[in-house]
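Worksheet: one structure, shown below.
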Amino acid sequence: MVDILIVRDLKKYFVKKSLTGTDMETTKIADGISFSIKTAETFVLAGESGSGKTTIARIILRALEPDSGTIFFDGQEITNQKGSLKKIRLGCQMVQQDPYASINPRMTILDIVKEPLEIHKIGNKDERNRLASHALSQVKLEPVGDIISKYPHMLSGGQRQRVAIARAIVTNPKLVIADEPVSMLDVSVRIGILELIKELQEKHGISFLYITHDLSTAGYIGHRIAILYRGKIVETGPINEILSSPCHPYTQALLDSISNPDPENLHRDHKIRINESSGIQEHQGCRFMARCPYAIEKCKMEPELEKISETRHVACFVKIN
Ligand SMILES: Nc1ncnc2c1ncn2[C@@H]1O[C@H](COP(=O)(O)OP(=O)(O)O)[C@@H](O)[C@H]1O
Ligand SMILES: [Mg+2]
């Protein structure tokens, strides 16, 4: 199958003054991130809050420039390439965590869903209305005739996220980045949104980059997963294999925070929450070493992602499974 997105060796460091104001602190948000997403695949990027997931999404959408690295979208390099901005902005749409923050509360639902068509000058007014209504029926906001004239505050949180999804698919994108799309929703409506994403993928062959801190929703929806820890992917491969037999101690620790990654767990909130051993970002060797119960002498060197099977890679000298 064809790769719709290829991210190669992406680096982005933020430098800010330390609390004392005398030193500079470097946060390595992306420290050599590489992954690819196939057509009609859901690829999960999982990590704790603050691990850099949204920053990576913003770099892909070219809302933020990386320090280095290359990104290919639909066969074309989009980093630093003139003329490629339109391609990525049209072909890749984003659904954000907070539907209330990502849609304009003063616009009607019809105008919200239609806006990307206007931005990209697609169709005339009648066609835009028709495409927007169609997108609303695709996300099952019906009767569409009633919904289009409403304002966001008149809808529930789940319905608002459906509006955000309709807005994302109205331009017929090849890739949708869904950044924690259900984490702010009531647990009772989460599964409906995940089912919708699955259905849209099956119908239209859309690829998804599903960003989450929650491995139980990831297990429900994803095909492959990358586990992000302090700017590095520490383990990646098919989601079923990784959730059933993790090789990296950090993945194991994340899984321990969910007793059982089955759909039942969607009804509870399973955050990736592991205590930081220290706030210091600078490290030598494996970045998980200070928190790792299996650390050995060799871990003072930095482990690179290593192939352990046809489909799996892990950056760990110990490999617990
Ligand atoms: N423009 C910026 N300048 C400096 N630091 C930033 C900037 N954007 C994000 N950060 C920092 O980068 C870290 C990762 O942020 P983010 O990508 O939002 O993480 P996540 O989505 O995984 O929660 C946070 O500590 C945040 O404070
Ligand atoms: Mg985020």
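Computed quantities for the displayed model
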item	result
Unique match (being over 17 Å from the mean Cα position of the chain (by Cα), within 20 Å of His313 (Cβ to Cβ) and assigned to a strand (DSSP E or B)) among Lys16, Lys28	Lys28
One residue from Ile88, Ile71, Ile56 being farther than 30 Å from Ile148 by Cβ, hydrophobic (A, V, I, L, M, F, W, C) and more than 16 Å from ligand 2 (Cβ to nearest atom)	Ile71
Residues of region 49-60 classified as surrounded by fewer than 19 Cβ atoms within 10 Å (Cβ to Cβ) and in a loop (DSSP other than H, G, I, E, B), total	2
Every residue from region 24-47 that is under 24 Å from Ile197 (Cα atoms) and more than 10 Å from ligand 1 (Cβ to nearest atom)	Phe35, Ser36, Ile37, Lys38, Thr39, Ala40, Glu41, Thr42, Phe43, Val44
Residues of region 48-95 satisfying the condition of being within 10 Å of ligand 1 (Cβ to nearest atom) and on the phi > 0 side of the Ramachandran plot	Gly50, Gly52
Failed item, numbered, when Thr39 is tested on (1) surrounded by fewer than 21 Cβ atoms within 10 Å (Cβ to Cβ); (2) over 30 Å from Leu243 (Cβ atoms); (3) touching a Ser or Thr at 6+ places or on another chain (Cβ under 9 Å)	(2)
Region 220-247 - residue that is over 20 Å from Val318 (Cβ atoms) and outside any strand (DSSP E or B) and, of those, farthest from ligand 1 (Cβ to nearest atom)	Asn240
Among (1) assigned to a helix (DSSP H, G or I); (2) at pLDDT below 95; (3) not aliphatic (A, V, I, L, M), the one test that Asp111 misses	(2)
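Listed here are the residues, each with its yes/no results for (1) more than 26 Å from Gly205 (Cβ to Cβ); (2) not in a strand (DSSP E or B).
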| site | (1), (2) |
| --- | --- |
| Leu131 | no, yes |
| Asp146 | yes, yes |
| Ser149 | yes, yes |
| Ile165 | no, yes |
| Pro173 | no, yes |
| Ala178 | no, no |
| Leu185 | no, yes |
| Ile191 | no, yes |
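The values are calculated or read from the model by the stated rules, or taken from the named source; none is laboratory data. Keep in mind that what you see is a predicted model, and the values were worked out from it rather than measured. Glycine gets a Cβ as well: all are built from the backbone with ideal geometry, and neighbour counts include every protein chain shown.
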